[in-house]
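Values in this text are rule-based calculations from the coordinates and carry no lab data. Keep in mind that this is a model prediction, so the values were computed, not measured. Positions of Cβ are generated from backbone atoms using ideal geometry, with glycine treated the same way; all protein chains shown enter the neighbour counts.
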């Protein structure tokens, strides 16, 4: 039909994924201009479904995990794609972390990405 399916099937560059994360971190503002309603960004990152303790809750096309770094829980919201690709926003740290991989045939690619995010990226920011 010529339309992108927003829940998957997109091919985006790491820098563009970072921009999406930054847009959400800034409440829908880009370079000072409101391009998404702030109420929508709040709704996207509010729990609407409880999945399981390991993966956390789910908003609208966003996961709501808590990363533990050096014993400190950090609430985040995240977009996850095939093979462990992730965009993770941690408002408390004013941070967006992007992981792009090609781990399509690797066991537990999201666990690998989460370990990289918590043990390296977020640990470096604390």
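Can you work out the PRE-style zone for residue 36? Point 7 Å along Cα to Cβ, and I want the residues of the range 45-70 with backbone N under 11 Å.
Answer for this model: 45-46, 60-62.
If packing is taken as the average number of other Cβ atoms within 10 Å across a peptide's residues, how do 77-85, 53-61 rank, most packed first? Walk me through the intermediate numbers first.
Numbers: 77-85: 20.6, 53-61: 14.1.
With the highest mean Cβ count within 10 Å placed first, the list reads 77-85, 53-61.
Simple spin-label model, 7 Å along Cα-to-Cβ: residue 13 to residue 108 in nm?
3.4 nm
Once every DSSP H run of n ≥ 4 in the chain is given -39500 (n - 2.57) and the sum is divided by its residues, what mean residue ellipticity at 222 nm do you get, rounded to the nearest 500 deg cm²/dmol?
Result for the chain, helices only: -6000 deg cm²/dmol.
Where Rh is the Kirkwood radius over the Cα pairs of the range 14-125, the temperature 4 °C and the viscosity 1.567 mPa s, what D in µm²/s does Stokes-Einstein return? Each step should come with its number before you reach the end.
Numbers: Rh = 14.3 Å.
My calculation gives 90 µm²/s for D.
At 7 Å along Cα-to-Cβ for each site, give me the label-to-label distance between residue 125 and residue 58 in nm.
Placing both labels 7 Å beyond Cα along the Cβ direction yields 2.4 nm.
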